[in-house]
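The values are calculated or read from the model by the stated rules, or taken from the named source; none is laboratory data. Keep in mind the model is a prediction, meaning the values are calculated, not measured. Cβ: placed from backbone, ideal geometry, glycine included. Neighbour counts: every protein chain shown.
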Amino acid sequence: MDKQFPTAACDQIATDFCGRIGFYIEDLTTGITHEHNADQRFPTASVCKVPVMIELFRQVENGTLSLDDRRRLQGDISTHGSGTLQLMEDEPELTLRDYCRLMIGVSDNMATDFLLGVVGLESVNATLDAMGFPNTRTSTTLGRYHYRMFGMDDVPCNRANDVVQQARAETHGTDFDSVSFQDSLENNVATPRDMGSILKQLHAGQIVSPQASAVMIEMLKLCNDRRMIARDLNRDIPIGHKIGSSGRIKGDVGLIFLPTGPLVVSAFALASDDGARGDEAIAEIARLAMETFSPESIAQ
């Protein structure tokens, strides 16, 4: 099997990409792995929501919070980006469980920033440190992450400044030299190996607790975006994953439950221009990996 794994083909996709790609792939049944730039930090976009989920479940496990806690969506939270809560004119009251489901299932940015206000950015990163992942960070809210792209590093995140942000986007364009596109620990970043290890530990029931790990995997199965890892996967094959997509930044990390056993794919791409398709490159690398271990799982 090892000789059949398309290492050269996967590496060639990364080499040919106009930008930088890193990935970590592991078949959990055979232990076969392949990696490329797996220890380099990449900006994660919405993949940063996985550590937020882990910290939420950690605080639930220690009794600080309950998933059944009901909280009203209040406070200054940017409405920019993906999700459904931005459509609400009133202030909905949801359980922390449902905020998490929105954060993972439809990548809701407002749900994410609300949960970050509940669990605390510092707590997320302290937990990542305790887990042994100093190069993976959720260091800023999604509102601030987007504001930084338009030179709005220090202004408050709120609906009024969302209007200013939109105007700056139209008149100034995106600043690709901003922190949001860098691998700085001040940004939301991760290494492919770190995220692969998190997925392995989730599968082994080692994150927070076996029960919490199982529930988090079910949360990841809510992700409905199929542009990357899941692009060529038969729809009857279960997959728990989280994508990130913000212009030139692409990422997808997931557990694919192939008939032959679970496969971990953790991949990130940072394009050097707007024409480079990081999502297509990640999708092709994932297809080659899945095809190796379970060709019948690839959609025809």
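Selection of region 126-136 for residues being crowded, with 17+ Cβ neighbours inside 10 Å and out of contact with any Leu (no Cβ under 9 Å at 6 or more places or on another chain) yields Thr127, Leu128, Met131, Phe133. Taking region 148-164 as the range and being touching a helix residue (DSSP H, G or I) at 6+ places or on another chain (Cβ under 6 Å) and either surrounded by fewer than 17 Cβ atoms within 10 Å (Cβ to Cβ) or not in a loop (DSSP other than H, G, I, E, B) (or both) as the test, the residues that pass are Arg148, Val155.
Selection of first residues in region 154-179 that are touching a residue at least 60 places away in the same chain (Cβ under 8 Å) and within 21 Å of Asp273 (Cα to Cα) and of second residues that are part of a loop (DSSP other than H, G, I, E, B) and not β-branched (Val, Ile, Thr), restricted to Cβ pairs under 6 Å at least 6 apart or on distinct chains, gives the following pairs, ordered by first then second residue: Thr174/Met149.
Matching residues to (1) surrounded by fewer than 22 Cβ atoms within 10 Å (Cβ to Cβ); (2) hydrophobic (A, V, I, L, M, F, W, C); (3) modelled with pLDDT of 95 or more:
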position: Gly247; (1), (2), (3): yes, no, no
position: Asp252; (1), (2), (3): no, no, yes
position: Pro262; (1), (2), (3): yes, no, yes
position: Ser266; (1), (2), (3): no, no, yes
position: Ala276; (1), (2), (3): yes, yes, no
position: Arg287; (1), (2), (3): yes, no, yes
position: Ala299; (1), (2), (3): yes, yes, no
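Right, Leu102: buried (at least 16 other Cβ atoms within 10 Å of the Cβ) and either modelled with pLDDT under 85 or more than 22 Å from Met152 (Cβ to Cβ) (or both) or not? Yes; evaluated as a whole, the condition is true for this residue.
Sub-6 Å Cβ pairs linking a first residue in region 5-22 that is closer than 18 Å to Gln40 by Cβ to a second residue that is among the β-branched types (Val, Ile, Thr), at least 6 apart or interchain, are Cys10/Ile285; Ile13/Ile285; Ala14/Ile21, ordered by first then second residue.
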